[in-house]
Amino acid sequence: MSAIAILGGTFDPVHNGHLRAALEVREQFGLDEIRLLPAGTPPHRPAPEASAGHRLAMLQQVAAVYPGFRVDDREIRRAGYSYMVDTLEEIRAEAGAAPVLLAIGQDAANALDRWHEWERLFDLAHLVVMCRPDSRAEYGDGLSEQMERRRCPDSADLLSSPAGRVCSMAITQLDVSATAIREAIRAGRSPAFLVPGSVRDYLREQDLYR
């Protein structure tokens with residue numbers, strides 16, 4: 001089985017910043033696809049504004065148009081809070097000994113030690129930390145030791161083992177956020193060129209974020 005890469009998020013809505021980052025991870029590691037994993041009920045942040053069904057539908061619009069993106073809806077189907085460690089346990093059981101790559105932004109990586117059973121994540125997957133030009137690594141002591149000990153300078157090395165390493169990679173910074181998109185829509189402005197055309201049309205048809 002080939003390597004599995006995952007990019008999770010609320011995707012409320014999915015936007016071009018998400019997709020550019022996902023594309024760059026897929027290309028960096030030479031993968032056929034990357035999975036977009038919408039969160040169900042996230043424990044570390046407020047609930048998404050759009051329903052799980054709407055967020056899933058927007059991602060499916062993207063996957064239908066762009067090769068290399070696949071939607072994984074397991075967290076939306078799961079009852080209760082969505083913990084990444086539970087998701088990775090399921091994916092690891094399916095993947096066997098294949099490499100599993102969890103892609104997260106630098107801000108999320110800085111707070112990794114506040115995730116549920118965070119140390120177990122390294123038993124289940126490699127960590128790919130996506131770094132924007134203006135982001136900085138700011139780890140607490142326990143997390144800093146783990147990140148340094150597991151650091152892998154050559155990204156290709158992540159594909160030679162199932163889990164346990166950390167790789168940082170620079171990504172293109174697009175000045176777009178889901179919060180700004182929702183605020184723009186509420187103010188009567190178009191989200192064109194911030195989201196894919198199919199998502200823009202869906203937002204308009206479903207009258208979301210107004």
statement: Of the candidates 162, 133, 191, the one satisfying the condition of being within 22 Å of residue 20 (Cα to Cα) and modelled with pLDDT of 95 or more is 191
query: Could you count how many residues in region 143-178 are surrounded by fewer than 12 Cβ atoms within 10 Å (Cβ to Cβ), out of contact with any Gly (no Cβ under 9 Å at 6 or more places or on another chain) and of a type in the set (Gly, Ala, Ser)?
result: 1
query: Would a scan of region 61-77 turn up a residue that is within 20 Å of residue 36 (Cβ to Cβ), among the hydroxyl-bearing types (Ser, Thr, Tyr) and either touching a Lys or Arg at 6+ places or on another chain (Cβ under 6 Å) or part of a helix (DSSP H, G or I) (or both)?
result: no
message: Take the residues in region 13-52 that are of a type in the set (A, V, I, L, M) and in a loop (DSSP other than H, G, I, E, B); name whichever of them is surrounded by the fewest Cβ atoms within 10 Å (Cβ to Cβ).
response: 47
query: Of the residues 142, 188, 164, which is without any contact (Cβ under 8 Å) to a residue 40 or more places away in the chain and on the phi > 0 side of the Ramachandran plot?
result: 188
message: Please go through region 165-188 and give me each residue that is within 21 Å of residue 17 (Cα to Cα) and either of a type in the set (Lys, Arg) or in contact with a strand residue (DSSP E or B) (Cβ under 9 Å, 6 or more places away or on another chain) (or both), ordered by number.
response: 167, 168, 169, 170, 171, 176, 178, 181, 182, 186
- prompt: Hey, any hits in region 179-196 for a residue that's part of a strand (DSSP E or B), small (Gly, Ala, Ser) and surrounded by fewer than 18 Cβ atoms within 10 Å (Cβ to Cβ)?
  reply: yes
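The values are calculated or read from the model by the stated rules, or taken from the named source; none is laboratory data. This one's a predicted model, so the numbers in the text were calculated from it and none came from an experiment. Here Cβ is always computed from backbone atoms with ideal geometry, including for glycine, and neighbour counts include all displayed protein chains.
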